[in-house]
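Enquirer: First the structure, which I've put down as structure tokens, then a few questions once you've had a look.
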Amino acid sequence: MNLIILGAPGSGKGTSATVLREKYNLAHISTGDLFRYNLKENTPLGIEAKAYMDKGALVPDDVTIRMVEDRLNQPDCEKGYILDGFPRNIAQAEALDKILASKGAKIDAVVYVICDDEVIMDRVTTRRVCEKCGASFNVKYMPTKVEGVCDVCGGKVYQRSDDNAETVAKRLDTYRENTKPLIDFYNARGIIVEGNNNVDSDTCIASIEAGLKALSL
Ligand code: AMP
């Protein structure tokens, strides 16, 4: 099964993606994580991406699409995958269609995580993530058992430099302008499955799972 997960930055899509990855045994492809990995390793790709990430803007499509295409060619993607943070605009969605068509593959469902801006702002500015496995925590709502240490893998937990109020506001603007139109793009194919993450992630996941079942997935 090949999935895309869509939602505003901080909507909880990363957490939902982690649950779906475990449940359906999928490779989890997060373009944000791939960029952050490159940044940490100081690769040319990471250095190029940093300027855009710090502004809350999108990294240019050609760079992003090439990175995703390489990732989709890795053997672990054969079992199915969940694309998290990609595509982020119509041009990327069309490029993805072409890549998949050349492999005789397709996207089976697009998971849309709904969340209000005020909830997002509160959650993102208190979010912490593991630099090793990408697991997400929250100092207010889901603190790690030991401060600064990931409950899942023992890695170091930190606050992303773009998780501040100013950059989050810009990322929400970028999302509304570029990514929201993807809902219509995939709705036309009848493959959108919704979860509402305003209250808690269990309810959100339950409705996503019901939606996937309704699509016979
Ligand atoms: P995320 O972790 O998904 O919130 O992504 C963090 C940042 O990485 C974004 O604000 C963008 O600068 C960049 N990024 C991630 N995915 C993409 C993408 N599909 N296209 C362009 N830029 C991206």
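Enquirer: Rank Val111, Val149, Pro181 by how far each Cα sits towards the positive end of the charge dipole of segment 82-217 (+1 on Lys, Arg Cβ; -1 on Asp, Glu Cβ) and give me just the farthest.
Expert: Going by the Cα projections, it comes out as Val149.
Enquirer: On to the next question. If you build a Gaussian network model of the chain, linking Cα atoms that sit under 10 Å apart, which residue out of Tyr141, Tyr158, Tyr52 swings the most?
Expert: Of Tyr141, Tyr158, Tyr52, the Gaussian network model singles out Tyr141 as fluctuating most.
Enquirer: Please name which of Gly56, Cys77, Asn89 has its Cα lying farthest along the dipole of segment 44-98 towards the positive end, using unit charges on Cβ (Lys, Arg +1; Asp, Glu -1) and the Cα centre as origin.
Expert: Positive-end residue among those listed: Gly56.
Enquirer: Per residue of the chain, what 222 nm ellipticity follows from adding -39500 (n - 2.57) for every DSSP H run with n ≥ 4, rounded to the nearest 500?
Expert: Theoretical 222 nm ellipticity from helices: -14000 deg cm²/dmol.
Enquirer: For Lys98, go through the lysines and keep the ones whose alpha-carbon is under 19 Å away, minus same-chain ones fewer than eight residues off.
Expert: Reachable lysines: Lys106.
Enquirer: Would you calculate the convex hull of the Cα atoms in segment 54-129 and tell me its volume per residue in Å³?
Expert: 138
Enquirer: If you put +1 on each Lys and Arg Cβ and -1 on each Asp and Glu Cβ, how big is the dipole of the chain around its Cα centre, in Debye rounded to 20?
Expert: Dipole about the Cα centre, nearest 20: 320 debye.
Enquirer: Over the chain, what percent of the accessible surface lies on carbon and sulfur atoms, probe 1.4 Å?
Expert: 51
Enquirer: What percentages make up the Cα-Cα pair-distance distribution of segment 90-173 when the bins are 5 Å wide from 0?
Expert: Bins of 5 Å from zero give 3, 13, 16, 15, 13, 15, 13, 10, 3, 0 percent of pairs.
Enquirer: Give or take rounding to whole Å, what are the principal axis extents of the alpha carbon atoms in segment 11-115, in descending order?
Expert: So the extents along the principal axes, rounded to whole Å, are 34, 33, 26.
Enquirer: Just to be sure I understand the curve: with the Debye formula and one point per C-alpha of segment 154-208, what is log10 I(q)/I(0) at q = 0.20, 0.25, 0.27 Å⁻¹?
Expert: Taken in order of the listed q values, log10 I(q)/I(0) reads -1.00, -0.99, -0.98.
Enquirer: Under 18 Å from the Cα of Lys50, which lysines turn up, not counting those fewer than eight places away in the same chain?
Expert: Excluding near neighbours in sequence, the set is Lys40, Lys170.
Enquirer: If the viscosity is 1.002 mPa s and the temperature 20 °C, what translational diffusion coefficient in µm²/s does Stokes-Einstein give for the chain when Rh comes from Kirkwood over Cα pairs?
Expert: 122
Enquirer: Hey, what's the chain come to in accessible area per residue, 1.4 Å probe, Å²?
Expert: I get 50 Å² per residue for this part.
Enquirer: Take the alpha carbon atoms of segment 169-212, find their center, do the same for segment 42-83, and report the distance between the two centers in whole angstrom.
Expert: Cα centroid of segment 169-212 versus Cα centroid of segment 42-83: 21 Å apart.
Enquirer: Sort 183-189, 44-50 by the packing proxy (mean of other Cβ within 10 Å over each peptide's residues), most packed first.
Expert: 44-50, 183-189
The values are calculated or read from the model by the stated rules, or taken from the named source; none is laboratory data. Just so we're clear, the structure is a prediction, and the values are computed from it rather than from any experiment. A quick note on method: Cβ atoms are made from the backbone with ideal geometry, for glycine too, and the neighbour counts reach across all protein chains shown. Remember, those area values only see protein heavy atoms, side chains included, never the ligands or the DNA or RNA. Shrake-Rupley method; radii C 1.70, N 1.55, O 1.52, S 1.80 Å.
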